[in-house]
Amino acid sequence: MSASLGLYRLQQVDRKIDRARAQLETIRKTLENDTELQQALNRVTTTQTDHHHASHVLKNAEAEVDAQKAKIEHAESSLYGGSVQNPKELQDLQKDVASLKKYLVTLEERQLEAMVTAESTEDALQNARTDLEKIQARLGNEHKNLIADQTSLSGELEHLGEEREAALGPIESNMLQAYEDLRQQKRGVAVTEIHDNACTSCGTILNAALQQNARSQKQLAHCSSCGRILYAN
């Protein structure tokens, strides 16, 4: 594999990322021009986060109550099961059961509070979603489509990020740095193909030696005119 092939593949991914980010920025600016819609979207995001946190707290509270009940059941089994005969040990077990039950009351109060909070945040989330749907319906399909595109592009960017990480694997650090520098200088196009003995970016005719160097596995070849990394397929 030529040294430039890995960079060429990376650039294909980076170009897709650039396009997706540009589209997202255009959508963001369009949506931000509508303050009412943006506020409604923010409310949904905030209430969604609150509800997720409240649900997590409730789940933990329920687990603590269940664990405490299991401890009580185990202690009572020892107390009343007949396996313990020593009066002092029985007295200690009675104290343990009483202490466990007392703390269970505290845990159940926390569970109830967590349940109330979870229900409250669920109601708030539902109300925020309903308000958003009303605003979207009033604004029409344009914003709905933009938001759908925004969601799709965000998912695409996440996938492309994983694809980029995989593409970085075989690339040496010094070659990657040269690529990144050229991307900054050449508007995102650091690697260019050779087609009909010419650089496809600037059209310069390339001699045979330079074209052969572009197939090298150990070093990069650069166009003598535009300076981009040459890739020969």
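Annotations for the structure displayed:
- Simple label model, 7 Å out from Cα along Cβ direction - Glu109 to Gln185, nm: 7.0 nm
- Dipole of the chain, positive end: most advanced residue of Leu146, Gly203, Asn86 [Cβ charges, Cα centre]: Gly203
- The angle between the Cα long axis of helix 141-168 and the longest principal axis of the Cα atoms of the chain comes to about 80 degrees, rounded to the nearest 10.
- Within the stretch 147-211, the GluC sites (Glu not before Pro) that combine a DSSP coil assignment with at most 15 other C-beta atoms in a 10 angstrom radius are Glu172.
- Global form of the chain, assessed from the alpha-carbon gyration tensor, a/c cut-off 1.5: oblate
- Spin-label model, Ser225/Gln91: points 7 Å from Cα along the beta carbon direction are separated by 10.2 nm.
- At R0 = 41 Å, FRET efficiency that the Cβ-Cβ distance of Thr45 and Ala166 yields, to 0.05: 0.85
- Computed from the Cβ-Cβ distance with R0 of 30 Å, the FRET efficiency linking Asn141 to Arg15 stands at 0.50.
- 0 to 90° range, to nearest 10: angle between helix 87-139 axis and the chain longest Cα axis: 40 degrees
- Folded to 0 to 90 degrees: helix 35-80 orientation relative to the chain principal axis, Cα: 40 degrees
- Between the C-alpha center of the stretch 170-203 and that of the stretch 101-167 there is a gap of 42 Å.
- Proximal lysine pairs, the chain, alpha carbons under 19 Å, eight or more residues apart or interchain: 11
- Our helix-only sum for the chain, with -39,500 (n - 2.57) per DSSP H run of n ≥ 4 divided by its residues, gives a mean residue ellipticity at 222 nm of -27000 deg cm²/dmol.
- Candidates Ala148, Ala67, Ala190: whichever shows maximal mean-square fluctuation once the chain is modelled as a Gaussian network with Cα springs under 10 Å: Ala67
- If only the Cβ of Lys and Arg carry +1 and only the Cβ of Asp and Glu carry -1, the dipole of the chain around its Cα centre is close to 1060 debye.
- Only Lys, Arg, Asp and Glu carry charge here, each on its Cβ (+1 for the first two, -1 for the last two); on that basis the stretch 174-231 has a dipole of about 80 debye about its Cα centre.
- Given the chain, longest segment not containing exposed loop trypsin sites (Lys or Arg not before Pro) (DSSP; at most 13 other Cβ within 10 Å): 1-186
- Nearest-20 debye value, the stretch 104-233 charge dipole, Cβ charges on Lys, Arg, Asp, Glu: 1080 debye
- Here's the picture: charge each Lys and Arg Cβ at +1 and each Asp and Glu Cβ at -1 in the chain, and of Ser77, Val189, Gln39 the one pushed furthest to the positive end of that dipole is Val189.
Here, each number is a calculation from the coordinates, and none is a lab measurement. Please read these numbers as outputs of a predicted model, since none were measured by experiment. Neighbour counts run over all protein chains shown; Cβ positions are idealised from the backbone, glycine included.
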